[in-house]
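The values are calculated or read from the model by the stated rules, or taken from the named source; none is laboratory data. Here the structure is a predicted model, which is why all the values come from computation and not from measurement. Ligands, DNA and RNA are excluded from the accessible area calculation, which covers all protein heavy atoms including side chains. Shrake-Rupley method; radii C 1.70, N 1.55, O 1.52, S 1.80 Å.
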Amino acid sequence: MAAHKPVEWVQAVITRFDEQLPIKVGHQNTHTKVSTEHNKECLINISKYKFSLVISGLTTILKNVNNMVSGVPDQDRLTGSDLLCPQQSKDCLRLDETMLVKQLLPEICHFIHTYREGHQHAAELRASASAVLFSLSCNNFNAVFSRISTRLQELTVCSEDNVDVHDIELMQYINVDCSKLKRLLQETVLKFRALKKPAQLAVINSLEKAFWNWVENYPDEFTMLYQRPQTDMAEAAEKLFDLVDSFAESAKRKAAVWPLQIILLILCPEITHTISKDTVEDSKANKKLFLDSLRKALAGQGGSKQLMESAAIACVKLCKASTYINWEDHSTIFLLVQSIVMDLKALLFNPAKPFWRGTGSQNADVELMMDCFVSCFRINPHNNQHFKVCLASSSPSTFHFVLVNSLNRIITNSHLDWWPKIDAVYCYSGELRFMFSDTLNRVTQGAGTHPPLRMTPSLTFKGKMSTSLKFKEKATELDTRSYKCLLLALVKLIHADPKLMLHNPVKQAPEVQSSTAELITGLVQLVPLTNTTQLSQEAMEALLVLHQPETIELWNPDAPIEMFWDIRYSSLHEELVQTRQRVNIWDC
């Protein structure tokens with residue numbers, strides 16, 4: 001059938017996939033989930049040879065879902081959209097762009113545009129649809145760019161103040177390399193002045209995200225920009241800087257545009273070098289004035305809390321961008337970073353006055369602090385004053401969360417040669433282990449689980465912590481959920497790099513053995529937790545990594561085999577045997 005009737009065969013698989021979506025069958029059991037996954041795999045494999053047929057069929061499914069009753073839960077819409085995300089194939093190059101624009105692209109855009117706050121899976125749905133758009137734009141950039149450009153042109157002649165800017169916002173989700181980013185900048189330069197304020201703000205916000213898409217997906221291109229500056233890129237960036245600068249008439253508007261303005265300056269290496277001098281020509285004076293205003297606002301001299309917050313965002317982006325440039329290039333941007341980094345850390349990592357932009361900004365504030373933490377580590381891993389601040393027991397719990405998640409990011413995202421490795425902070429392993437034990441106790445007490453396991457005398461915890469490192473006896477500022485989030489981050493950290501938690505360079509063998517046992521005991525305690533599935537699963541994964549042969553040798557470097565068998569036949573064994581049903585530890 002496949003050989004003689006490919007269309008019918010593909011349609012049969014698509015129909016079967018459609019019939020098994022949650023929107024059709026309701027709640028899925030294990031069998032239907034497995035069947036749906038099997039159908040996904042079939043469609044993925046078929047798409048390698050009959051991409052257009054698969055896309056056409058799935059587009060029809062998306063249309064039908066979008067036309068159904070608006071009360072359908074978002075998670076029921078997710079499966080069909082999620083399938084498309086990573087499945088681009090070479091056949092996509094031959095896909096007619098007219099068909100793409102008329103059929104698939106509007107449906108994907110619908111999922112992005114109809115994101116609704118308050119729905120449990122809305123963020124997941126939007127992220128999935130955005131990933132689909134990113135994947136589609138890799139080989140069909142012109143189709144997506146045309147949609148963005150057409151909407152920009154329509155808005156240049158629109159007299160209404162309340163305008164639909166959804167299609168403009170698409171630029172923040174698409175795949176852009178250096179040449180595509182230049183096209184976006186040049187298109188914006190042509191039309192920015194004629195846009196109404198809402199459209200201008202949408203462009204400003206979206207272009208900034210497009211920049212980071214470029215840097216993070218094509219870091220070599222960005223690095224090359226500082227080795228061989230591109231005149232046309234710098235020209236477009238400078239023109240847009242001037243347009244945006246004219247737009248920023250008030251403090252409120254300045255706060256909105258500063259993050260993009262710093263990025264536009266980053267795209268102009270030669271201008272950045274020029275304005276570092278005492279005297280500059282008139283055409284560059286506004287760039288130098290911008291940097292002076294940025295420094296003053298960051299130091300609290302800008303006269304506005306809003307400007308200070310915007311300056312912090314802009315300076316974090318400057319620091320982050322500088323880490324993608326090789327220090328050997330001796331760029332002026334590093335001098336600029338050094339001139340603001342101390343004030344930046346003082347603002348973001350001040351335990352007495354935590355950085356907070358208001359209700360609803362907590363997630364964004366945490367992300368900003370993490371970006372700053374990681375960037376500062378990559379700039380100078382030995383200048384760790386902010387590390388000590390985040391580790392201090394007296395610091396707000398948010399600082400602990402930022403520290404642990406930043407370390408995880410440093411471990412898992414270290415693809416540039418000049419980025420320092422995590423071993424630069426191995427010296428803090430003792431403090432991190434204590435943070436893990438303390439957080440674990442708070443979570444297990446809150447969950448009503450059994451107390452810590454009784455251990456053989458040789459495994460009794462003997463580690464001593466200084467008073468300055470002890471966490472508060474009673475939790476008053478964090479509820480159980482917050483502790484669970486921190487504990488999950490700590491377990492992920494163990495999973496990412498067990499050496500960080502096992503490092504004991506100055507301790508004697510008995511102390512090393514007891515601290516390792518304490519760590520393993522804590523993870524074993526988490527495995528049976530039924531009310532925190534993700535935490536339980538991560539604990540199992542961490543135990544699996546800890547039981548890799550090369551890691552077992554670090555349990556107690558002086559006597560690794562004795563340590564292993566001590567654990568094997570201690571009172572931990574009963575718990576580990578139960579864990580073995582889920583994680584095959586002893587056969588590692």
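What part of the accessible area of the range 297-360, given as a whole %, is carbon or sulfur when the probe is 1.4 angstrom?
On the way: 1580 of 2890 Å².
C and S fraction of accessible area: 55 percent.
Largest first, how would K345, K305 line up by accessible area (1.4 Å probe)? Before the final figure, lay out each step's value.
Numbers: K345 25, K305 115 Å².
Sorted descending by solvent-accessible area, the residues read K305, K345.
So if the hydrodynamic radius of the range 138-256 is defined as the Kirkwood radius over C-alpha pairs, what does Stokes-Einstein give as its diffusion coefficient at 37 °C and 0.692 mPa s, in µm² per second? Spell out each step's value before the answer.
Values: Rh = 14.8 Å.
The diffusion coefficient I find is 221 µm²/s.
Over the range 202-334, give the accessible area per residue in Å² for a 1.4 Å probe, as an integer.
Working: 5510 Å² over 133 residues.
The answer is 41 Å² per residue.
Return the ratio Rg/(2.2 N^0.38 Å) for the range 230-348, where Rg is computed over Cα atoms only.
On the way: Rg = 13.5 Å, N = 119, 2.2 N^0.38 = 13.5 Å.
That works out to 1.00 for the range 230-348.
Calculate the tail of P(r) for the range 297-412: the fraction of all Cα-Cα distances greater than 24 Å, expressed in %.
Details: 1496 of 6670 pairs.
The proportion of pairs with Cα distances above 24 Å equals 22 percent.
Could you calculate, for the range 238-292, the ratio of the Cα radius of gyration to the Kirkwood radius, expressed as Rg to Rh? Each step should come with its number before you reach the end.
Values: Rg = 10.7 Å, Rh = 11.4 Å.
Checking Rg against Rh, the ratio lands at 0.95.
Tell me, what are the semi-axes, in whole angstrom and largest first, of the equivalent ellipsoid of the range 264-303 as set by the roots of 5 times the Cα gyration tensor eigenvalues? Intermediate values should be presented prior to the final figure.
Details: eigenvalues 78, 26, 13 Å².
The three semi-axes for the range 264-303 are 20, 11, 8 Å.
Using only Cα atoms, what Kirkwood radius does the range 306-356 have, in angstroms? Intermediate values should be presented prior to the final figure.
Numbers: mean 1/r = 0.0848 Å⁻¹.
Evaluated over the range 306-356, this radius sits at 11.8 Å.
Suppose the chain between E550 and A12 were pulled fully straight at 0.36 nm per residue; how much longer would it get relative to their current alpha carbon spacing?
On the way: separation 538, 0.36 × 538 = 193.68 nm, distance 4.94 nm.
Gain on stretching E550 to A12: 188.7 nm.
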